[in-house]
1. Compute the convex hull volume of the Cα atoms of the range 85-172, divide it by the residue count, and report the result per residue in Å³ as a whole number.
2. What number comes out for the charge environment of residue 29, summing +1 per Lys or Arg and -1 per Asp or Glu over other residues with Cβ under 15 Å away?
3. Per 20 Å bin from zero, what fraction in whole % of the C-alpha pairs of the chain is there, up to the bin with the longest pair?
4. How far is helix 251-260 tilted, in degrees, relative to the longest principal axis of the Cα atoms in the chain, given as a value from 0 to 90 rounded to the nearest 10?
5. Round to a whole number: what % of the accessible area of the chain belongs to carbon and sulfur, probe 1.4 Å?
6. Step through the table entries 17/116; 37/59; 2/69; 68/293; 108/145; 55/154, compare each Cα-Cα distance with 32 Å, and write down the pairs that go over it.
7. Taking only Cα atoms of the range 3-145, what ratio of Rg to Rh do you get with Rh as the Kirkwood inverse-distance radius?
8. Provide the per residue accessible area, probe 1.4 Å, for the range 1-110, rounded to a whole number of square angstrom.
Amino acid sequence: MKLRDLGEFNFINRISKAIKLSSHVVKGIGDDAAVLKYTKDKYLLFTTDILLEGKHFYKGSSAGLVGKKALSSNISDIVAMGGIPKFAVISIGLPGSMNLKYADELYKGIRKVADKFSVDLVGGDTVGSNKIIINIALIGEVEIKNLALRSKAKKEDAIFVTGDIGGSIKLKHLNFTPRLKEARYLVKNFKINSMIDVSDGLLADLAHILEESDKGAVIYEKTIPVSNDAIDFNSAMRDGEDFELIFTLPKKQADRLEDIWPFETRLSRIGRICSGRKGFYLIRKNGKSEKIKSAGFTHF
Ligand code: ADP
Ligand code: MG
């Protein structure tokens, strides 16, 4: 059997099943970051992401933006847990033929994001490579009471998404700001039952919440904030790398949230959580109901 036949998520499930965890691990594989026991009232968060030339960016991409994306995508995963990013290590593979200026710009991009989010860059590894490859691992922390998992969505929760969805290939996938202040506001002021950042596409990432929480959902096409850069609705729902947040909270709190949301970042209430037996449905603008058979970006 080839990896391609198994698919990315079955492959990760297979890895996960073969791993035995110690009691220090609160959540291992299966969320945006691992959750580890730390202090009396805080958890440690731990995540990593690879960026590969030709896959996540192209040879001609601005070095500064590639650096920015490398750290921002990791920060986005810490943010999706309700946490604060803290310490990063950066492993990088670069061709010997690379212009020093490009390498400097790349690190400048990383440093700018690190400064903005108060992340300390504390190490890494360097190797020669035909293609540019960047792997960052990031530690963060979150108060135990503010942890937001993928797995705790409740029946009748309202489902929200920040920002616009789709068309990120135009520029946003390289040039986005992780939703740290929004997420921290949410976890401190509301009971956020579940949260994820959008990397695989709105449908696929909401499906991750549903699968981990053993729930279904109904979402409405007319409420979904499709970006002007998107080709059309269907591709916006599937393309991914929006780095927005999808989260759910009790219906009772949803109206208050809509009333007092203090940020310029758009906030859209796109549907509700149902019981697992009901499945995942999209209600089209014409009122027709469509069953979602999960779809979005997967590797291999
Ligand atoms: P995200 O898009 O939020 O970065 P991924 O889809 O990359 O999440 O990963 C989903 C989960 O699978 C995460 O918990 C991640 O740590 C885990 N994971 C991904 N690849 C591997 C791997 N090669 N080995 C172990 N765990 C992995
Ligand atoms: Mg994520």
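The values are calculated or read from the model by the stated rules, or taken from the named source; none is laboratory data. The model shown is predicted, which means the values in this text are computed figures rather than measured ones. So basically every Cβ, Gly included, is an ideal-geometry build from the backbone, and we count neighbours across all protein chains shown. With ligands, DNA and RNA removed, areas are computed over all heavy atoms of the protein, side chains included. Shrake-Rupley method; radii C 1.70, N 1.55, O 1.52, S 1.80 Å.
1. Numbers: hull volume 15.3 nm³, N = 88.
That works out to 174 Å³ per residue.
2. Charge balance in the 15 Å sphere: -2.
3. Going out from 0 Å in 20 Å bins, the chain shows 33, 59, 8 percent.
4. So the helix axis and the longest Cα principal axis differ by about 60 degrees.
5. Carbon with sulfur: 51 percent of the solvent-accessible area.
6. Working: 17/116 38 Å; 37/59 40 Å; 2/69 30 Å; 68/293 34 Å; 108/145 35 Å; 55/154 36 Å.
Flagged as over cut-off: 17/116; 37/59; 68/293; 108/145; 55/154.
7. On the way: Rg = 16.6 Å, Rh = 16.4 Å.
For the range 3-145, the value is 1.01.
8. Working: 6050 Å² over 110 residues.
In whole numbers, the range 1-110 has 55 Å² accessible per residue.
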